[in-house]
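Novice: Have a look at this one.
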Amino acid sequence: MSAESSAFDLLKVPLIGRLFRWRHARTFLQIPMLVVGIVMIVHGLCGPTLAPKNLATTLSWVHFRGALVLMLLCAGNLFCMACPFMLVRQWARRLFRPRFIWPRKLRNKWLSAALFALILFVYELFDLWSSPWWTAWLIVAYFAAILVIDGFFKHAVFCKFVCPIGQFNFVASTLSPLEVKVRDEGVCVPCITKDCIRGRRDAAGLVVIQRGCELALFQPGKSGNMDCTFCLECVQACPHDNVGILSRPPASELMTDPRRSGIGYFSRRPDIAALALVFTFGALLNAFGMVSPVYALERWLARALHTGHEAPVLGSIFVLSLIVEPVLMLGLAAWLTRVWAGSRRATLPLIVRYAYGLVPLGFGMWLAHYSFHFLTGFLTLIPVTQNAVASLGTPLLGEPLWTLTGIPTRFVQPLELGFLVLGLTGSLLVTYRLTQDEDTPHPARAFIPWAAICLLLWVAAVWLIFQPMEMRATFMG
Amino acid sequence: MIEAEIAPRPARIGLATVTLRLSDAAGQPVRQARIALEADMSHPGMRPEFGEAREVAAGCYQGRLAFTMAGDWVVLMRVTLPGGQKLERQMEVNGVR
């Protein structure tokens, strides 16, 4: 029996739906992103060295990040869909066919979680926000990495196992209101061709005429947005037109633990839990790097470590924030869940299970931080672009209007607080649902230690957004 | 030659005074130059501050700029000499508190 979902389906919206159903929709979105990417590289390497006047830094650190988190909040992982790196990779694969299979030991999120943390570290160490040159090289390095990895290895290895931006998007999109999903599960039951994952070949079986999901997500078994790049190959591939972009309650996928196609059970994936923790604690750490108290801590650590170099000091802060702090906090909560609430799970499985409850809070912090830069500075793109055009010889767009910025801070700060409240609410809800699903004699007691962590992190996040911002690129200066 | 300094040191949030001394190759002060000042933060997305330096003594120019928030700033000085020649100098002002 068939029962089509009654959820909102973006693909059925006039115009937008038609655009997304179009076979070349992804390329259509990728081409402008690629052009912008090339402009950013050229301007980053050849344009003004001052970050606020350069398109590479302005677009990367003000507009891209802000638009990314807002898009994830309001829709879904549309930035992966429009990823320009993938377009270049597609072109390259016409010339070079990958031959190798990604090593089994690397088919997890450990590498990408480490790379995600490394990107955050490099961002602070080299003050990427203040360097157009380094920002441009970061984009170039991204293009190079994807060409090398996906040039050698089959399928979408870079997206699934390597790309730090993609991992950020995957984790954040667990909170998105839209999901690429089967419309009617009943339609999939008799399906024997499974085009959504296998793709389609021509009559001779030699040429792929339609790809299936390169990230190994089989639509009928897919649950949630984890690992979904919104490439919409499955939409194109399904011969029954049974895949849509459907609405769902944000964070719902964090509350349950079904077996997910291409992923397995969240509760058995410590690597994804580690990624979720880097995402959450990294959000606080990234914001901490921009406020005054970090410099006092750096000076204190430098004295304690007897060093004048930034790398060991910053490295210590990262180890404390991304490893020691989560291990201590979650370890203590897991221990209390076992001892006080009577959970029969071991400590590590408990940590893995409840780590996902912190994701909404982490996303709230990323939203608060990145939307601040975006909303207070989105108009700066106008004078920076005017200046870039004028530097070509003729001020075609007029003289740069440097006084244009964005919404005043006093209006953005309440919004930041709102994002944090939303994050806390989401985390408490997810955590509560997880305790209800637990086979625990005292679910309420299990809830308290994890809720306490959520509250503690939330207080830290609120404290952070009310700290005086101090955008510095100098260490201990 | 352009010599530039800023006061107070260390720089603080609020108004700062930029002093420039302009001299030619013979060491003589350069008079009647026009000097535009601009202060930018090291992070993109922030509004720059603008000012102008006026001649207060022979070859000595002073202007004021507002550092509106803590952090690293870069002060740009755009000098237009009496003959129309244009020069630009940049001064980093780190650790404004």
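The values are calculated or read from the model by the stated rules, or taken from the named source; none is laboratory data. These figures come from a predicted structure and were not determined experimentally. Virtual Cβ from ideal backbone geometry, glycine too; neighbours counted across all protein chains shown.
Novice: Going through A:Leu396, A:Leu404 one at a time, which residue ends up being among the hydrophobic types (A, V, I, L, M, F, W, C) and either part of a helix (DSSP H, G or I) or in contact (Cβ under 8 Å) with a residue 12 or more places away in the chain (or both)?
Specialist: Numbers: A:Leu396 fails: either part of a helix (DSSP H, G or I) or in contact (Cβ under 8 Å) with a residue 12 or more places away in the chain (or both).
So the residue among A:Leu396, A:Leu404 that is among the hydrophobic types (A, V, I, L, M, F, W, C) and either part of a helix (DSSP H, G or I) or in contact (Cβ under 8 Å) with a residue 12 or more places away in the chain (or both) is A:Leu404.
Novice: I would also like to ask the following. When the residues of region A:119-170 are narrowed to those that are within 14 Å of chain B (Cβ to nearest Cβ) and of a type in the set (Asp, Glu), which ends up nearest to the chain's Cα centre (by Cα)?
Specialist: If we filter region A:119-170 for residues that are within 14 Å of chain B (Cβ to nearest Cβ), which is where we start, we get A:123-124, A:126-136.
Still in the list and also of a type in the set (Asp, Glu): A:124, A:127.
Working: A:Glu124: 18, A:Asp127: 21 Å.
Ranking the qualifying residues of region A:119-170, first place goes to A:Glu124.
Novice: While we're on this one: Answer with yes or no whether A:Gly17 is modelled with pLDDT of 95 or more, in contact with a Ser or Thr (Cβ under 7 Å, 6 or more places away or on another chain) and either in a helix (DSSP H, G or I) or small (Gly, Ala, Ser) (or both). Even if it seems obvious, please write down each step before you answer.
Specialist: On the way: modelled with pLDDT of 95 or more: yes; in contact with a Ser or Thr (Cβ under 7 Å, 6 or more places away or on another chain): no; either in a helix (DSSP H, G or I) or small (Gly, Ala, Ser) (or both): yes.
Considered against the rule, which asks whether it is modelled with pLDDT of 95 or more, in contact with a Ser or Thr (Cβ under 7 Å, 6 or more places away or on another chain) and either in a helix (DSSP H, G or I) or small (Gly, Ala, Ser) (or both), A:Gly17 comes out as no.
Novice: Still on this structure: So in region A:102-130, with the set limited to residues that are part of a loop (DSSP other than H, G, I, E, B) and at pLDDT 95 or above, which one is surrounded by the fewest Cβ atoms within 10 Å (Cβ to Cβ)? Step through it out loud before you land on a result.
Specialist: Narrowing region A:102-130 to residues part of a loop (DSSP other than H, G, I, E, B): A:102-103, A:107-109, A:126-127.
Next, from what is left, pick out any that are at pLDDT 95 or above: A:102-103, A:107-109.
On the way: A:Trp102: 20, A:Pro103: 10, A:Arg107: 15, A:Asn108: 17, A:Lys109: 26.
Across region A:102-130, the extreme among qualifying residues is A:Pro103.
Novice: Exactly one of (1) within 14 Å of chain B (Cβ to nearest Cβ); (2) assigned to a helix (DSSP H, G or I); (3) surrounded by 18 or more Cβ atoms within 10 Å (Cβ to Cβ) is unmet by A:Ile453. Its number?
Specialist: For A:Ile453, the exception is condition (1).
Novice: Another question, if that's okay. Filter region A:416-442 down to residues that are under 28 Å from A:Gly66 (Cβ atoms) and surrounded by fewer than 15 Cβ atoms within 10 Å (Cβ to Cβ), then give me how many there are.
Specialist: 2
Novice: Okay, next question. Can you tell me which of A:Met33, A:Met86, A:Met81 is more than 14 Å from chain B (Cβ to nearest Cβ), within 20 Å of the chain's Cα centre (by Cα), closer than 30 Å to A:Gly186 by Cα and modelled with pLDDT of 95 or more?
Specialist: Working: A:Met33 fails: closer than 30 Å to A:Gly186 by Cα; A:Met86 fails: closer than 30 Å to A:Gly186 by Cα.
So the residue among A:Met33, A:Met86, A:Met81 that is more than 14 Å from chain B (Cβ to nearest Cβ), within 20 Å of the chain's Cα centre (by Cα), closer than 30 Å to A:Gly186 by Cα and modelled with pLDDT of 95 or more is A:Met81.
Okay, residues lined up against (1) surrounded by 14 or more Cβ atoms within 10 Å (Cβ to Cβ); (2) touching a residue at least 60 places away in the same chain (Cβ under 8 Å):
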residue: A:Lys12; (1), (2): yes, yes
residue: A:Arg23; (1), (2): no, yes
residue: A:Val36; (1), (2): yes, no
residue: A:His43; (1), (2): yes, yes
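Novice: Sticking with this structure for a sec: Condition check: surrounded by 22 or more Cβ atoms within 10 Å (Cβ to Cβ), within 14 Å of another protein chain (Cβ to nearest Cβ) and part of a helix (DSSP H, G or I). Does A:Ala287 satisfy that? Don't jump to the end; show me each part of the working.
Specialist: On the way: surrounded by 22 or more Cβ atoms within 10 Å (Cβ to Cβ): yes; within 14 Å of another protein chain (Cβ to nearest Cβ): yes; part of a helix (DSSP H, G or I): yes.
It is true that A:Ala287 is surrounded by 22 or more Cβ atoms within 10 Å (Cβ to Cβ), within 14 Å of another protein chain (Cβ to nearest Cβ) and part of a helix (DSSP H, G or I).
Novice: In region A:92-101, what residues are surrounded by 13 or more Cβ atoms within 10 Å (Cβ to Cβ) and out of contact with any strand residue (DSSP E or B) (no Cβ under 8 Å at 6 or more places or on another chain)?
Specialist: Just the residues of region A:92-101 that are surrounded by 13 or more Cβ atoms within 10 Å (Cβ to Cβ), to begin with: A:92-93, A:98.
A:Ala92, A:Arg93, listed by residue number.
Novice: Whether any residue in region A:36-58 is farther than 23 Å from A:Leu401 by Cα, of a type outside the set (Asp, Glu) and touching a strand residue (DSSP E or B) at 6+ places or on another chain (Cβ under 7 Å) is what I want to check.
Specialist: Scanning region A:36-58 turns up no residue that is farther than 23 Å from A:Leu401 by Cα, of a type outside the set (Asp, Glu) and touching a strand residue (DSSP E or B) at 6+ places or on another chain (Cβ under 7 Å).
Novice: Right, here's the next one. Could you run through region A:196-216 and say how many residues are in contact with a Lys or Arg (Cβ under 7 Å, 6 or more places away or on another chain), under 17 Å from A:Val235 (Cβ atoms) and either outside any loop (DSSP other than H, G, I, E, B) or without any contact (Cβ under 8 Å) to a residue 40 or more places away in the chain (or both)?
Specialist: So the first thing to find is which residues in region A:196-216 are in contact with a Lys or Arg (Cβ under 7 Å, 6 or more places away or on another chain), and the list is A:199, A:207-210, A:212, A:215.
Retained after the next criterion (residues that are under 17 Å from A:Val235 (Cβ atoms)): A:199, A:208-210, A:212, A:215.
If we keep only those that are either outside any loop (DSSP other than H, G, I, E, B) or without any contact (Cβ under 8 Å) to a residue 40 or more places away in the chain (or both) too, we end up with A:199, A:208-210, A:212.
Total meeting the criteria: 5.
Novice: Would you check if there is a residue in region A:1-13 being in contact with a Ser or Thr (Cβ under 8 Å, 6 or more places away or on another chain), assigned to a loop (DSSP other than H, G, I, E, B) and within 14 Å of chain B (Cβ to nearest Cβ)?
Specialist: The answer is no, given that none of the residues of region A:1-13 is in contact with a Ser or Thr (Cβ under 8 Å, 6 or more places away or on another chain), assigned to a loop (DSSP other than H, G, I, E, B) and within 14 Å of chain B (Cβ to nearest Cβ).
Novice: While we're looking at this one, here's another question. Looking at A:Val389, A:Val421, which one is of a type in the set (A, V, I, L, M), without any contact (Cβ under 8 Å) to a residue 40 or more places away in the chain and part of a helix (DSSP H, G or I)? Step through it out loud before you land on a result.
Specialist: Numbers: A:Val421 fails: without any contact (Cβ under 8 Å) to a residue 40 or more places away in the chain.
Just a single option satisfies the conditions, and that option is A:Val389.
Novice: Filter region A:354-386 down to the residues that are away from every other protein chain (no Cβ under 11 Å), closer than 17 Å to A:Ser60 by Cβ and touching an Asp or Glu at 6+ places or on another chain (Cβ under 9 Å) and list them by number.
Specialist: A:His369, A:Ser371
Novice: Checking B:Leu15 against (1) within 14 Å of chain A (Cβ to nearest Cβ); (2) within 25 Å of A:Phe466 (Cα to Cα); (3) not β-branched (Val, Ile, Thr): exactly one of these is not met. Which one?
Specialist: Exception for B:Leu15: condition (1).
Novice: For A:Val69, which of the numbered conditions (1) within 14 Å of chain B (Cβ to nearest Cβ); (2) closer than 23 Å to A:Val384 by Cα; (3) buried (at least 20 other Cβ atoms within 10 Å of the Cβ) fails to hold?
Specialist: (1)
Novice: Another one. Has region B:18-40 got at least one residue that is surrounded by fewer than 18 Cβ atoms within 10 Å (Cβ to Cβ), out of contact with any Leu (no Cβ under 9 Å at 6 or more places or on another chain), within 14 Å of another protein chain (Cβ to nearest Cβ) and assigned to a loop (DSSP other than H, G, I, E, B)?
Specialist: No: region B:18-40 contains no residue that is surrounded by fewer than 18 Cβ atoms within 10 Å (Cβ to Cβ), out of contact with any Leu (no Cβ under 9 Å at 6 or more places or on another chain), within 14 Å of another protein chain (Cβ to nearest Cβ) and assigned to a loop (DSSP other than H, G, I, E, B).
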